[in-house]
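Chemist: First the structure, which I've put down as structure tokens, then a few questions once you've had a look.
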Amino acid sequence: MFSKILIANRGEVALRIIRACKELGVRTVAIYSEADVTSLHVKFADEAICVGKAPALSSYLNIPNIISAAEIADVEAIHPGYGFLAEDAHFAEICESCNIKFIGPTPENIRLMGDKMLAKETMRKAGLPIIPGSKDLVNTKEEALKVAKKLKYPVIIKASAGGGGKGMRVCHNDVRLIGAFLTAQREAEAAFGNANVYIEKYIDKPRHIEFQILADQHGRIVHLGERDCSIQRRHQKLIEESPSPMFSNKLRKKMGELAVKGARSVNYVNAGTIEFLLDKNDNFYFMEMNTRIQVEHPVTEMITGRDLIKDQIRIATGEKLNLKQEEIKFEGSAIECRIYAEDPDNDFRPSPGKISKLNLPGGRGIRVDTHVYQGYEVSPYYDSMIAKLISYAPTRRGAIGIMQRSLDEFIAEPIKTTAAFNKHIFDNPAFLRGKFSTDFIEKLFEKK
Ligand code: MV4
């Protein structure tokens, strides 16, 4: 086991990693920006090193400063968490060249999956179903029209550097396609510094189903079941759950086996997630692979009894996963609800500021992953997520009941949060029946 690792992150995930390290007897080094001096990850780590000013580019994305901190503190490994440098292949390479173990997949894994088209083609070759679409990048309007004619409308334009819905456009006819093509390219250029786009058949009202993968350095790969992340608002996830409601054991087995097959085909190592779109007829398609631990990993932990951060660290030391697929049992039902410091009555604008009154929920069946405390000041510089509530019960209805009362117990004043907004979701009939797709939140707004 490592004796000391550096955590190249902040917020709840930095705390989450510190907790896993303490339980493993691993010493921790926090890094922080000038805006995070009073943060809990700084307080709870064994050592803490300031790496720069508040803007992330000066601190949490500042590779030379982070590597210097790792050298000074003499750590053996770096855990990147999620966001920031977690999916930066170049950073993973630099860690390796400095003899610091990057706790995550290989730079090759990260680079391959960062190219959404190449990832798709690789998974197609591995035998995974993919969404019909252009084989190559689409460079001109004329090419776009040709592709759309073949696929038939509706189609969707996507950025090949991808993610988060940026550069994405749904088109229902030639006129719309011509109108959207250049703006999609420009948006992709602005967001990713890469204007490349491709076109796919548009899947109407799909569910977002993702599979958690664990792979050790000795070729053993297992899946830990699915998460349903269909409840999103403008590509920001609000609720994730496992198991997915209205999802059969047969489908779990089939999709899980393909997810493992896909991961195996790229010699994947460490934790990863394979995302699928699932349509109304239970057809599913590989969408992308995330080469990091994800925000929503706790729902998988609750129903499998595993600690995914410990798993990541153990895998990085070269330990074997002493785990067979048949030994993994899914028990109960877990739901995660993210709470953001945003104002639902003001188009979800960020609402940073000091939390002078805080009450976190507790009691049976609720896990709270958060970095906030009474007196904490939510910074305007970073992501606005302030807490994750994870409820767990033998049944989905049980987990929903625990979530509802936990949202009532959650108080963070005087900043605005999405806690009360989320309560509407948990008494919605379609949600309760488990019959929803990625358009759920839009529909909820139409009704209000
Ligand atoms: C799609 C799609 C329908 N058809 N691709 C959204 C984020 C990006 N990673 C991919 N996304 C989508 N791709 C095809 N061919 C619908 C979405 C989509 C979506 C996907 C998952 C969760 C929420 C979503 C909300 C809107 C659109």
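Chemist: Give me a comma-separated list of calculated 3J(HN,Hα) values for the stretch 328-333, in order, Karplus coefficients 6.51, -1.76, 1.60 applied at θ = phi - 60°, integers in Hz, x for any Gly or Pro.
Modeler: Result, rounded to whole Hz: 7, 10, 9, 10, x, 9.
Chemist: Next up: Using only the heavy atoms of the protein chains and a 1.4 Å probe, how would Arg19, Arg306 rank by accessible area, largest first? All intermediate terms of the calculation are to be shown ahead of the outcome.
Modeler: Working: Arg19 110, Arg306 70 Å².
Reading off the accessible areas and sorting them downward yields Arg19, Arg306.
Chemist: Taking the Cα centre of the stretch 146-199 as origin, work out the dipole magnitude from +1 charges on Lys and Arg Cβ and -1 charges on Asp and Glu Cβ, in debye rounded to 20.
Modeler: Values: 9 positive and 3 negative charges, 53 e Å.
In total the dipole reaches around 260 debye.
Chemist: List the residues, sorted by chain then number, that are 5 or more residues from Ile415 or on another chain and whose placed amide H is less than 5 Å from its amide H.
Modeler: Distant-sequence amide H within range of Ile415: Ser356.
Chemist: Can you tell which of Ala148, Gly332, Ser33 lies farthest toward the positive end of the dipole of the chain, using +1 and -1 charges on the Cβ of basic and acidic side chains (Lys, Arg; Asp, Glu)?
Modeler: Farthest towards the positive end: Ala148.
Chemist: Could you pull the accessible area for Tyr376 with a 1.4 Å probe, rounded to 10 Å²?
Modeler: 10 Å²
Chemist: Which one, Met287, Ser97, Pro107, projects farthest toward the positive side of the charge dipole computed for the chain from Cβ point charges (K/R +1, D/E -1)?
Modeler: Farthest towards the positive end: Met287.
Chemist: Please state the equivalent ellipsoid semi-axes for the chain: what are the square roots of 5 times the Cα gyration tensor eigenvalues, largest first, in whole Å?
Modeler: Over the Cα atoms of the chain, the semi-axes work out to 32, 27, 24 Å.
Chemist: Taking loop as defined by DSSP and a crowding limit of 16 other beta carbons within 10 Å, which trypsin sites (Lys or Arg not before Pro) in the stretch 312-371 fit? If you can, show how the numbers build up before the last one.
Modeler: Working: sites: Arg314, Lys320, Lys324, Lys329, Arg338, Lys354, Lys357, Arg364, Arg367; in loops: Lys320, Lys324, Lys329, Arg364.
Those satisfying the criteria are Lys320, Lys324, Lys329, Arg364.
Chemist: Taking the Cα centre of the chain as the origin, how large is its charge dipole in debye, to the nearest 20, when only Lys and Arg (+1) and Asp and Glu (-1) carry charge on their Cβ atoms? Please list the in-between numbers first.
Modeler: Values: 64 positive and 58 negative charges, 298 e Å.
So the dipole magnitude of the chain works out to roughly 1440 debye.
Chemist: Considering amide H positions built from the backbone, and no H for Pro or chain starts, which residues 5 or more places from Asp343, or on another chain, come under 5 Å of its amide H?
Modeler: Phe348, Arg349, Ser351
Chemist: Next question. Under a cut-off of 23 Å between alpha-carbon atoms, report the lysines in cross-link reach of Lys310, not counting same-chain residues fewer than 8 places apart.
Modeler: Filter leaves Lys4, Lys22, Lys43, Lys101, Lys320, Lys324, Lys329, Lys388.
Chemist: Follow-up. Ordered by residue, what ³J(HN,Hα) values in Hz, to whole numbers, does the stretch 34-44 give under the Karplus form 6.51 cos²θ - 1.76 cosθ + 1.60, where θ = phi - 60° and Gly and Pro are x?
Modeler: Karplus values, whole Hz, x for Gly and Pro: 4, 7, 10, 3, 9, 7, 5, 5, 6, 5, 8.
Chemist: Quick one: Karplus J couplings for the stretch 51-66, per residue in order, coefficients 6.51, -1.76, 1.60, θ = phi - 60°, nearest Hz, x for Gly and Pro?
Modeler: Values per residue, Gly and Pro as x: 10, x, 6, 4, x, 4, 4, 8, 10, 5, 10, 8, 4, x, 5, 5 Hz.
Chemist: Separate question: Can you give me the long-range amide H partners of Ser230? Hydrogens built in the peptide plane at 1.01 Å from N, cutoff under 5 Å, separation of 5 or more residues or another chain.
Modeler: Long-range HN contacts for Ser230: His208.
Chemist: Mind checking the per residue accessible area of the stretch 207-447 for me, 1.4 Å probe, whole number of Å²?
Modeler: Values: 9830 Å² over 241 residues.
Computed with neighbouring chains in place, this is 41 Å² per residue.
Chemist: I've got another one for you. Tell me, what % of the accessible area of the chain is carbon and sulfur with a 1.4 angstrom probe? Intermediate values should be presented prior to the final figure.
Modeler: On the way: 9600 of 19140 Å².
Summing carbon and sulfur atoms, their accessible area is 50 percent of the total for the chain.
Chemist: Sticking with this one: Evaluate the distance, in nm, between pseudo-label points positioned 7 Å from the Cα of Glu143 and of His235 along their respective Cα→Cβ axes.
Modeler: For Glu143 paired with His235, the spin-label model returns 2.1 nm.
The values are calculated or read from the model by the stated rules, or taken from the named source; none is laboratory data. From a predicted model like this one, the values you see are computed outputs, not experimental measurements. Please note: Cβ atoms are built from the backbone with ideal geometry, for glycine as well, and neighbour counts cover all protein chains shown. The area values use the complete protein model at the heavy-atom level, side chains included, leaving out ligands, DNA and RNA. Shrake-Rupley method; radii C 1.70, N 1.55, O 1.52, S 1.80 Å.
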